[in-house]
Amino acid sequence: MNPFMVLIGAALVNNYVLTQFLGMCPFFGVSNKTETALGMGFAVLFVMTLASAITHPFYHYILVPLNAGYLQTVVFILIIASLVQFVEMFLKKSFRALYASLGIFLPMITTNCAIFGVTLINVKDPHSFTEAVVNSAGAGIGFLLALLLLAGVREKSDNNPDIPEIFKGFPLALFSAGLMSIALMGFQGLIKF
């Protein structure tokens, strides 16, 4: 399959956050500010792409030949946790403000079901290594785009006096995410894997 179509399909058509509803905790938890959303989005993009680049060959060349496919959950979580530790150490050393603003949500990338789900989907579906990495990058880009869109909406709505107080905050975030989800679900069927 064309790698560009896989990338577009994962980012927009089959957006794992807005159409598969994976990774909702950091999606809602970090989308208060655009800067924080951007940092979390890039962290997830990096971890998701690298995790698939490591787990795909590990599964196909080590676990499957050893008939140890049942260990994929444990192995994948260990790989993802190691990558998150690397990202956390890098951010703590290089970008202290971003590290502090991400707070508890940065270590939660380890158990982010979007990252784990994408790695499982990549080994379950008949993806080649290239398709798996491109699919993961597209999924990370889709997560980043959804996070930035929601952060933009939340920042604008927090300062808008026309929005009733009862709808501000999380209720408006849920409503906005629902509308974004409906918009992306309109693309379903255009690109199939």
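The values are calculated or read from the model by the stated rules, or taken from the named source; none is laboratory data. A quick note: this is a predicted structure, and the numbers were derived from the prediction, not measured. All Cβ positions, even for glycine, are placed from backbone atoms using ideal geometry, and neighbour counts span all protein chains on display. In case anyone asks, the SASA skips ligands and DNA or RNA and just uses the protein heavy atoms, side chains included. Shrake-Rupley method; radii C 1.70, N 1.55, O 1.52, S 1.80 Å.
Identify the residue in the stretch 127-175 that is free of Cβ contacts under 8 Å to residues at least 24 places away in the same chain and of a type in the set (Gly, Ala, Ser) and, among all such residues, is most open to solvent (accessible area, probe 1.4 Å).
128
Can you pull out the residues in the stretch 12-38 that are more than 10 Å from the chain's Cα centre (by Cα) and open to solvent by less than 10 Å² (accessible area, probe 1.4 Å)?
13, 18, 30, 31, 37
So which residues in the stretch 120-147 are of a type in the set (S, T, N, Q) and within 24 Å of residue 180 (Cα to Cα), if there are any at all?
Scanning the stretch 120-147 gives 135, 136.
What about residue 115, is it on the phi < 0 side of the Ramachandran plot, assigned to a helix (DSSP H, G or I), at pLDDT 90 or above and open to solvent by 60 Å² or more (accessible area, probe 1.4 Å)? If you could, list the steps in order and put the result at the bottom.
On the way: on the phi < 0 side of the Ramachandran plot: yes; assigned to a helix (DSSP H, G or I): yes; at pLDDT 90 or above: yes; open to solvent by 60 Å² or more (accessible area, probe 1.4 Å): no.
No.
Can we say residue 152 is small (Gly, Ala, Ser), at pLDDT 85 or above and within 17 Å of the chain's Cα centre (by Cα)?
In short, no.
Within the stretch 89-145, track down each residue that is out of contact with any helix residue (DSSP H, G or I) (no Cβ under 6 Å at 6 or more places or on another chain), of a type in the set (D, E, K, R) and within 22 Å of residue 58 (Cβ to Cβ).
Selection gives 124, 125.
Mind checking whether some residue in the stretch 50-66 is within 23 Å of residue 14 (Cα to Cα), open to solvent by 60 Å² or more (accessible area, probe 1.4 Å) and outside any loop (DSSP other than H, G, I, E, B)?
So in the stretch 50-66, the residues within 23 Å of residue 14 (Cα to Cα) come out as 50-56.
Going one step further and asking which of them are open to solvent by 60 Å² or more (accessible area, probe 1.4 Å), we end up with 50, 54.
Subset that is outside any loop (DSSP other than H, G, I, E, B): 50, 54.
Within the stretch 50-66, one or more residues are within 23 Å of residue 14 (Cα to Cα), open to solvent by 60 Å² or more (accessible area, probe 1.4 Å) and outside any loop (DSSP other than H, G, I, E, B).
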